Amino acid sequence: MFHLINLNNLERFLSFLLYLLPIALISSTFISDFLISLTSILFIILVIKKNEWFYFKKKLFFFLFFGMYI
């Protein structure tokens, strides 16, 4: 059975959205904010599907994430 949303297509779409970011920054704030939000959601989905949690075990992540609450 052909799956439209597989990991390779999701990774390609994520990289395509990142390539569109400079154009979106020039055009308007809504498009750039929407692209950033969509890429972050897709990144979290990819991390969960691939079970790659090493991104969140870095010290920089804890500094940036928990530093916002202080």
Task: Residue pairs meeting the criteria (Cβ under 7 Å; at least 6 apart or on separate chains; first farther than 26 Å from Lys50 by Cα, in region 10-39; second open to solvent by 80 Å² or more (accessible area, probe 1.4 Å) and in a helix (DSSP H, G or I)) - done: Ser32/Leu25
Open item on the list: Tell me which helices (runs of 4 or more DSSP H) are completely within region 6-70 and hold 1 or more residues being in contact with a Leu (Cβ under 8 Å, 6 or more places away or on another chain) and open to solvent by less than 90 Å² (accessible area, probe 1.4 Å), or say none if there are none.
Closed with: 7-19, 21-27, 29-50
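The values are calculated or read from the model by the stated rules, or taken from the named source; none is laboratory data. Bear in mind the structure is a predicted one, so any value in this text is a computation, not a measurement. Backbone-built Cβ (ideal geometry, glycine too); neighbour counts: all protein chains shown. Quick note on the areas: whole protein, heavy atoms, side chains included, nothing else; ligands and nucleic acids left out. Shrake-Rupley method; radii C 1.70, N 1.55, O 1.52, S 1.80 Å.
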